[in-house]
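Accompanying notes for the structure given below.
The numbers here are math on the coordinates, done by the rules we state, and not lab data. These figures come from a predicted structure and were not determined experimentally. Counting neighbours? That spans all protein chains shown, and the Cβs are built from the backbone with ideal geometry, glycine included.
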Amino acid sequence: MPEVIADKERLKQVVSRAVDQTPVTDIHTHLYAPAFGDLGLWGVDHLLSYHYLIAETMRQTSLSYEDFWSLDRRGMADHVWKTLFIDRSPYSEACRGVLTTLGRLGMDVASRDLSAYRKWYDGQTYLDFVDRVFSIAKVKAVVMTNDPFDPKERELWLRKEESLLQDRRFYTSLRIDPLLYDWENQSRVLREMGYEVGAAFSPEDRRTREETIRFLVDWGRRMKALYLAASFPPDFDYPADSTLSALLDHCVLEACGRLNIPFAMMIGVKRRVNPSLGLAGDRVGRAKVEAVERICARHPQRRFLVTMLARENQHELIVLARKFRNLMVFGCWWFLNNPSLVEEITAMRCEMLGTAFIPQHSDARVLDQLIYKWDHSRRVIARVLHAQYEALHDTGWRMTPHEIERDVRNLLDQNFWTFVKRG
């Protein structure tokens, strides 16, 4: 007979162990497989010069933006380390994440010895380090963000397509923001690649429409993309009298249909409100959940992975996910990836969606970040799930460890694979 959990302390142990030990599929990252060479970022200097930490540093330093950006990578890391870790206590989520990562890699964070951390990394190779990080983070697979509009990455795909896909821990997604927001310039790129598109996009222009679809399908197949993806500003609306809306209706979602893959929408980022900060200069804005409602309703045969950046959008989005089975809510993106907000949002999703969502993704840009982002997220997810199972236990319902492990496996891994392979 399978064990039935009767004791609340035993229940907590089973939930904690299941969340801690279940291998994760990280469905959205900015990481790269080793075959992509120096596109893959790793190491303590990249950890410290991550744009989250740059934004914090520039609030606390008299150094000008120009002087900061004139520093090399090591110089930036030195300045961030002194400003945030030595001159002040590093308890922000981004700072604590660096320390969690270094500690889990076996370094002595109490020493505060940046030179020793660099020396440790000098003894690593990227390939071996990938193995180490995936093992520590208990990540079985990640989905990369792959951009054919980036000349360097595009050249790699054209020259090394097969070798880029050999490491099956790294899956691909086709990112298409430039196409949606900069048709005038990116249409020239398409023409250079042999696609006969016009300088202006009109759905009535059949050749341009079909050639754009052909480009998306060609590159989706070349990359073996699991989904197409784009980010959207807070004022994104759908449908609308815009090139963006026309591209979605007549090309992007048609390509998703031909490829039989979902479209991932990340909504709510307002770009470059402070251009002097570079990537750190973006902010959040409340978006229109109605746009997601209308695109799901208008395209019931298409699947949509959706995350929204504003805390204020979360309840509406969760309610909407109860109405559309072609909508999968995922992750706590960017400014929401803080424990207090992850806990609030995950609890709300559990209460309204049961197990039918994807609780987290790392959005990692530096390989090492997989360690802390999943370490911190697992702790929060375990607390939330324990509260849910304890409340269920109080009704008189009794669970087995196998049932809890099944639920956790679905949340951290299988829900994504089931959704992308549906149909």
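The count of lysine pairs in the chain that are at least 8 places apart or cross chains, and whose C-alpha atoms lie under 27 Å apart, stands at 27.
Counting Lys and Arg as +1 and Asp and Glu as -1, what is the net charge of the other residues whose Cβ lies under 15 Å from the Cβ of GLU184? Its environment carries a net charge of -2. How would region 1-40 be classified by its alpha-carbon gyration tensor: rounded, prolate or oblate, with rounded meaning a/c under 1.5 and the a/b versus b/c comparison settling the rest? Cα axes put region 1-40 in the prolate bin.
Per-peptide packing, taken as the mean over residues of other Cβ atoms within 10 Å, places 261-273, 196-208 in the sequence 261-273, 196-208 from highest down. Ranking SER242, GLN186, VAL420 by how far each Cα lies toward the positive end of the dipole of the chain (charges on Cβ) leaves VAL420 at the top. Under the rule a/c < 1.5 gives rounded, and otherwise a/b versus b/c splits prolate from oblate, where does region 222-379 land using the Cα gyration tensor? It comes out rounded by the Cα gyration axes. Over all Cα atoms in region 102-209, the spread is summed up by Rg and Dmax: 20.9, 65 Å. Highest mean packing comes first when the peptides 298-304, 14-20 are listed by Cβ atoms within 10 Å, giving 14-20, 298-304. Rounded to two decimals, the Cα radius of gyration of the chain over 2.2 N^0.38 Å is 1.02. Charge tally around GLU293: other residues with Cβ under 10 Å, Lys/Arg +1 each, Asp/Glu -1 each, net +2.
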